[in-house]
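Some notes on the structure that comes next.
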Amino acid sequence: MPERRKSSTSPDLLAAALFDVAAESGLENASVREVAKRAGVSIGAVQHHFSTKDEMFAFALRTLVDRLLTRLAESSADADPHASLFQALSQLLPLDEQRTREAHVLAAFAVRAATSESLSEIRRTTLFTIRTGISTVLIGIGTPEAETRAALLLSTVNGLALDALGSPAMYPPQYLDHALETQIRLTLHDAENLPTSVVLAS
């Protein structure tokens, strides 16, 4: 990626620079110096906006999450539950260049969140928001144990994304599409086949 050259800087510019560095060389290489270099600004300009590297990381993660959640919300507008879930959850899989870069950065943040309270809280809130959205779709069609099934479906997608990042040849986009389609179909199976009385009782 070409380095950004700007006459002034902003938190959003720095978040984009950090995202580029993390996607290409890992979050461990996203130092203040490297982010400043990528953004085309001085180290002092970075420190003007963020007093610590953790503050910079937290802002960058929130920026990425906000963008992702906006896409998820737009994708889940379909009235058909299967299509709605597929369109939304496919945003979390490395199916093209943009989503692959995002998945790399999200995976790196997930690891760092284990030792960072601020990143852990952002990640917890994000997962809860996504899981709630899935649950809402499942509850709407009477799926038994909707919240548990939502958690399992989200975990499946996150696991597929991580495996695909580590072994892309084993998990090409067509395979990921099929795996997601299959898991959604299995998740929705009970709601489609249980008698109405059983669904209502759940």
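The values are calculated or read from the model by the stated rules, or taken from the named source; none is laboratory data. Keep in mind that this is a model prediction, so the values were computed, not measured. Counting neighbours? That spans all protein chains shown, and the Cβs are built from the backbone with ideal geometry, glycine included. With ligands, DNA and RNA removed, areas are computed over all heavy atoms of the protein, side chains included. Shrake-Rupley method; radii C 1.70, N 1.55, O 1.52, S 1.80 Å.
One table, with the values for the structure above:
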| quantity | calculated |
| --- | --- |
| Cα-derived Rg to Rh of the chain, Kirkwood definition | 1.05 |
| Reference-scaled alpha-carbon Rg (2.2 N^0.38 Å with N residues) for segment 74-129 | 1.33 |
| FRET efficiency estimate (nearest 0.05) - Cβ-Cβ, Ser25 to Glu181, R0 35 angstrom | 0.55 |
| Surface share of carbon and sulfur [accessible, 1.4 angstrom probe, percent] for the chain | 54 percent |
| The chain: angle of helix 97-112 to the longest principal axis, Cα-based, in degrees nearest 10 | 80 degrees |
| Rounded to 10°, Cα long-axis angle of helix 173-193 versus longest principal axis of the chain | 40 degrees |
| Solvent-free Debye scattering, log10 I(q)/I(0), computed from the Cα coordinates of segment 97-162 at q = 0.21 Å⁻¹ | -0.92 |
| Inter-label distance for Leu152 and Glu117, nm, one decimal - labels placed 7 Å from Cα along Cα-to-Cβ | 3.6 nm |
| Accessible area expressed per residue, segment 95-184, with surrounding protein chains retained (probe 1.4 Å, Å²) | 54 Å² |
